[in-house]
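J.: Okay, here's the structure, questions in a sec.
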Amino acid sequence: MHSYRPVKITNQIILIMILGFLWINSVFGKNIQPVQLTLEEAILLSVRQNPNIESTKLSYTLQKFNAWVQTWEFYPHYQLEANAFAGNDRVNNYWSRSRHFDIRPGVSLNTPIGTQLMLGETNMKSKYYNPGLSFEVKQPLMRGFGKTIVLAALNDARDSELLGRLNVEGVIRSTITNVINAYLDVMTAAQIVNIDQAALTRAEASVAQTKYFIRAGRKAGNELVTVAADVASAKAQLENDKHQLAQSQYALLTEIGIDPNTPVHFSNLQIDQLIKKYHLPKLHETKRLVLTNDIQYQTDQIILHGQLTRGLLIAKDNTRSRLNLTGKIGTGNSVGDGKNSGFNSLLNGVNQSNYVELSLQVPIDNQLEKQAVLNAKIALKKAIIALRQEKWQKETSAINAWYLVSSAATSLRFAVTAASLQKQTYQIGYQKYLHGLIDSLQLQSAQLALIRSQQLLLEARINYIKALVNLDLLIGHTLKTWQIRIKI
């Protein structure tokens, strides 16, 4: 059985404490204070708790055992058979009684070149004890001969185990990426709440200032309608923002894989520090890493060079003639009593048998086997074509993801500048409003422009970090970035 653990022991201790807290809360109820989770802790929890990961681990366990079973096929196999019989027969009013028992131990072994070895013993005991011992060898000389054919099922099972391991890694990568994106969505929703809360505060300040101007006779009474409408709109938007924040938090709990009723608060995320965890490789290096680490591309390569290639070899082997050589030697199995019974019959050389058999079976125009060869060839060629297309698609995805990061970085720089300038514009406009140079409609326009610029800046920062996270997933560095080591 395999497990997953972070490299640092301190992270394990933190994770155990969090899991213990969540268990205590589920048992003892509502009086426990909500646990505070950081992004790293949420990732560690998801690796342990996410149902998709647990399900994939179970599938891998089955694939691992299947590989062991195929390996076991080439181990010695022991068997023990026993039977006892007792009967009475009445013929012509004469009773006859028969009693006997037999114990048959045996051992067999299959070799990687197709040889079958069988050693067996009979221990028949009726009125007399007449044991027997035999050793048999069967060797295919044409169909079914050679390691490539004999070990095909074992190699398929080993490939399946490797694919299962890759699938586990792929699910963990995707889960971590989904948790990061969901965490970013929570932080985005929380920041939007802050932005709109600040907008509400400014709108309420404008209402208070407008009332002062009206009392002083500097503004008309209808000016109050516009700024009051701003307050009402800001309050409605703020309620929507809070609802969106709650929805984002539930979505994050689902991605982690914990009960949505669990009281959890998520720590604020330092976007700049998170960005520093990622780096943008050169474009050619990005394409190479994607082809090297992409789970699906690796899977398709293994299937092409493994199962499909071996399937064609097996299909061709099935069209060959069967030529099997069988040899057997035996001793014992005598009849009667005296010196020729018991264990003496095994050793005295009086009761022996041996034979050699060569059997040939030639298929004549078997269309089903020819069809199987054709199907295997076409499947192999299709897989080669599909793998070539997949290579192009992966490289295209790498190029697009790389340029998306570059574009997001440029957009972020522009958004920073725009937000800074728009903030200055609003401050200037507010001063103009205080001095009666503009009316409330113009102030409202400046307010909306400021809110939009702040939202665009937040969106640009989140898009940039999500582009980095997505690229990190494509190049296969997610586990490395977050120092998650898979131990299987």
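The values are calculated or read from the model by the stated rules, or taken from the named source; none is laboratory data. Bear in mind the structure is a predicted one, so any value in this text is a computation, not a measurement. Quick reminder, even Gly has a Cβ in these numbers, built from the backbone with ideal geometry, and neighbours come from all protein chains shown. The protein model used for the area step is the full one, side chains on, heavy atoms only, and it has no ligands, DNA or RNA in it. Shrake-Rupley method; radii C 1.70, N 1.55, O 1.52, S 1.80 Å.
J.: Which residue, of 186, 179, is under 30 Å from residue 479 (Cα atoms), of a type outside the set (S, T, N, Q) and touching a strand residue (DSSP E or B) at 6+ places or on another chain (Cβ under 6 Å)? Can you show your working first?
T.: Details: 179 fails: touching a strand residue (DSSP E or B) at 6+ places or on another chain (Cβ under 6 Å).
It is 186.
J.: Next question. Could you identify the single residue in 154, 184, 119 that is open to solvent by 20 Å² or more (accessible area, probe 1.4 Å) and either in a strand (DSSP E or B) or at pLDDT 90 or above (or both)?
T.: Numbers: 154 fails: open to solvent by 20 Å² or more (accessible area, probe 1.4 Å); 184 fails: open to solvent by 20 Å² or more (accessible area, probe 1.4 Å).
Selected residue: 119, the only one of 154, 184, 119 that is open to solvent by 20 Å² or more (accessible area, probe 1.4 Å) and either in a strand (DSSP E or B) or at pLDDT 90 or above (or both).
J.: Among the residues of the range 426-435, are any out of contact with any strand residue (DSSP E or B) (no Cβ under 6 Å at 6 or more places or on another chain), closer than 28 Å to residue 56 by Cβ, part of a helix (DSSP H, G or I) and touching a residue at least 40 places away in the same chain (Cβ under 8 Å)? Spell out the reasoning first.
T.: First, the residues of the range 426-435 that are out of contact with any strand residue (DSSP E or B) (no Cβ under 6 Å at 6 or more places or on another chain): 426-435.
Cutting the leftovers down to closer than 28 Å to residue 56 by Cβ gives us none.
Scanning the range 426-435, I find no residue that is out of contact with any strand residue (DSSP E or B) (no Cβ under 6 Å at 6 or more places or on another chain), closer than 28 Å to residue 56 by Cβ, part of a helix (DSSP H, G or I) and touching a residue at least 40 places away in the same chain (Cβ under 8 Å), so the answer is no.
J.: Need pairs with beta-carbon distance below 6 Å; first residue over 20 Å from residue 163 (Cβ atoms) and touching a residue at least 40 places away in the same chain (Cβ under 8 Å) and within the range 283-297, second open to solvent by less than 20 Å² (accessible area, probe 1.4 Å) and in a helix (DSSP H, G or I); sequence gap 6+ or separate chains.
T.: 286/398; 287/398
J.: Out of (1) surrounded by 16 or more Cβ atoms within 10 Å (Cβ to Cβ); (2) assigned to a helix (DSSP H, G or I), the odd one out for residue 247 is which?
T.: Among (1) surrounded by 16 or more Cβ atoms within 10 Å (Cβ to Cβ); (2) assigned to a helix (DSSP H, G or I), the lone unmet condition for residue 247 is (1).
J.: Could you list all residues from the range 436-488 that are modelled with pLDDT of 85 or more, surrounded by fewer than 22 Cβ atoms within 10 Å (Cβ to Cβ) and of a type in the set (Asp, Glu)?
T.: Correct list: 459 only.
J.: Going by what's in this entry, would residue 179 be described as surrounded by 18 or more Cβ atoms within 10 Å (Cβ to Cβ), β-branched (Val, Ile, Thr), under 19 Å from residue 37 (Cα atoms) and in contact (Cβ under 8 Å) with a residue 40 or more places away in the chain? Reasoning before the result, please.
T.: On the way: surrounded by 18 or more Cβ atoms within 10 Å (Cβ to Cβ): yes; β-branched (Val, Ile, Thr): yes; under 19 Å from residue 37 (Cα atoms): yes; in contact (Cβ under 8 Å) with a residue 40 or more places away in the chain: yes.
For residue 179, the condition - surrounded by 18 or more Cβ atoms within 10 Å (Cβ to Cβ), β-branched (Val, Ile, Thr), under 19 Å from residue 37 (Cα atoms) and in contact (Cβ under 8 Å) with a residue 40 or more places away in the chain - is met.
J.: Restricting the search to the range 23-43, which residues are modelled with pLDDT under 90, crowded, with 19+ Cβ neighbours inside 10 Å and either among the aliphatic types (A, V, I, L, M) or within 20 Å of residue 479 (Cβ to Cβ) (or both)? Can you show your working first?
T.: Taking the range 23-43 as the starting set, the residues that turn out to be modelled with pLDDT under 90 are 23-37.
From what's left, crowded, with 19+ Cβ neighbours inside 10 Å: 25, 37.
Matches in the range 23-43: 37 only.
One line per residue, one yes/no per condition, for (1) within 21 Å of residue 257 (Cβ to Cβ); (2) within 20 Å of the chain's Cα centre (by Cα); (3) open to solvent by 40 Å² or more (accessible area, probe 1.4 Å):
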| residue | (1), (2), (3) |
| --- | --- |
| 49 | yes, yes, yes |
| 60 | yes, yes, no |
| 83 | no, no, yes |
| 92 | no, no, yes |
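J.: Please count how many residues of the range 122-145 are open to solvent by less than 50 Å² (accessible area, probe 1.4 Å), closer than 18 Å to residue 342 by Cβ and in a loop (DSSP other than H, G, I, E, B).
T.: Pass one, the range 122-145, residues open to solvent by less than 50 Å² (accessible area, probe 1.4 Å): 122-123, 130-132, 134, 136-137, 139-140, 143-144.
Filter once more, keeping what is closer than 18 Å to residue 342 by Cβ: 122-123, 130-132, 134.
Pick out the ones that are also in a loop (DSSP other than H, G, I, E, B) and you get none.
The total comes to 0.
J.: Also, quick follow-up: Quick one: which of 418, 372, 376 is closer than 27 Å to residue 272 by Cβ and in contact with a helix residue (DSSP H, G or I) (Cβ under 6 Å, 6 or more places away or on another chain)?
T.: Numbers: 372 fails: closer than 27 Å to residue 272 by Cβ; 376 fails: closer than 27 Å to residue 272 by Cβ.
Going through 418, 372, 376 in turn, the sole match is 418.
J.: Okay, next question. If you go through the range 397-422 one residue at a time, how many are crowded, with 18+ Cβ neighbours inside 10 Å and either without any contact (Cβ under 8 Å) to a residue 24 or more places away in the chain or closer than 28 Å to residue 293 by Cα (or both)?
T.: Of the residues in that region, 5 qualify.
J.: Same structure again: Residues of the range 304-346 being open to solvent by 50 Å² or more (accessible area, probe 1.4 Å), charged (D, E, K, R) and touching a residue at least 12 places away in the same chain (Cβ under 8 Å), which ones?
T.: Those that are open to solvent by 50 Å² or more (accessible area, probe 1.4 Å), charged (D, E, K, R) and touching a residue at least 12 places away in the same chain (Cβ under 8 Å): 316, 320, 322, 328, 337.
J.: Now for a separate question. Here is a check on your reading of the model: is residue 104 in a strand (DSSP E or B), farther than 30 Å from residue 318 by Cβ, out of contact with any Lys or Arg (no Cβ under 9 Å at 6 or more places or on another chain) and without any contact (Cβ under 8 Å) to a residue 24 or more places away in the chain?
T.: On the way: in a strand (DSSP E or B): yes; farther than 30 Å from residue 318 by Cβ: yes; out of contact with any Lys or Arg (no Cβ under 9 Å at 6 or more places or on another chain): yes; without any contact (Cβ under 8 Å) to a residue 24 or more places away in the chain: no.
The answer is no for residue 104.
J.: Within the range 358-396, work out how many residues are farther than 15 Å from residue 303 by Cα, in a helix (DSSP H, G or I) and without any contact (Cβ under 8 Å) to a residue 12 or more places away in the chain.
T.: Qualifying residue count for the region: 8.
J.: While we're on this one: Output the qualifying pairs, or none if there are none: Cβ atoms under 9 angstrom, residues six or more apart or on different chains, first residue in the range 252-277 and over 15 Å from residue 183 (Cα atoms), second residue open to solvent by less than 80 Å² (accessible area, probe 1.4 Å) and outside any helix (DSSP H, G or I).
T.: So the pair list comes out as 262/34; 262/35; 263/32; 263/34; 263/35; 277/482.
J.: Which numbered condition in (1) over 30 Å from residue 44 (Cβ atoms); (2) in contact with an Asp or Glu (Cβ under 7 Å, 6 or more places away or on another chain) is the only one that residue 336 fails?
T.: (2)
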